[in-house]
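What follows is a short report on a single structure.
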Amino acid sequence: MRNKKGYTGVELVIVIAVFTVGYFLVANTLSYNFDVDYEEDLYNLKIASIEEQAAIYAEGHTDMFAESNDVYMTVEELAMNNAIISTSEGVVADPRASENTLNDLRVKITNEDEKITAEVLV
């Protein structure tokens, strides 16, 4: 009579197969719970960047507030003045859909008590 210690190869293969199938089922189920919309996040970052760059542009061009404390510009105007990053044609791409642009968005730049802020009007 042999003293049997350990598992046979077939038993090990069966256990590994069961764990593998279980792992893939759990990983597939959990992956849907962590679905992230990167395009929307990129869009929000792009809008925040446009606001920040418009405020910086206005700080260097305070003469634009001669008539009013509020100035409205389009993204295209800011791009043409090299205030924001754009293509050589002045196109600011929408990260949510590459065929769309953000050029028509208006930016409200406010100078209130020497504090300049910018807000993209969506």
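What follows is calculated from the coordinates using simple rules that are stated; it is not laboratory data. Because the structure is predicted, anything quoted here is derived from the model rather than measured. All Cβ positions, glycine included, derive from the backbone under ideal geometry; neighbour counts span all protein chains shown.
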Query raised in the report: Leaving out same-chain residues fewer than 8 places away, which lysines sit with a Cα under 24 Å from that of LYS46?
Result: LYS108, LYS115
Report summary line: A correct fewest-to-most ranking of MET80, MET73 by other Cβ atoms within 10 Å would be MET80, MET73
Report task. Just check the chain against the gyration tensor rule for me: Cα atoms, a ≥ b ≥ c as the square roots of the eigenvalues, rounded for a/c under 1.5, and otherwise prolate or oblate depending on whether a/b exceeds b/c. Result -> prolate
Requested in this report: Taking the dipole about the Cα centre of the chain, with the C-beta of Lys and Arg at +1 and of Asp and Glu at -1, give me whichever of VAL10, ASN33, ALA55 is farthest to the positive side.
Outcome: VAL10
Query raised in the report: What spacing in nm lies between the two simple spin-label points modelled at ASN81 and LEU42, each 7 Å away from Cα in the Cβ direction?
Result: 2.8 nm
Query raised in the report: Any idea what the dipole of the chain comes to, in debye rounded to 20, about its Cα centre with Lys/Arg Cβ at +1 and Asp/Glu Cβ at -1?
Result: 1700 debye
**Report entry** Between 0 and 90°, nearest 10: helix 9-33 axis offset from the chain longest Cα axis
**Finding:** 20 degrees
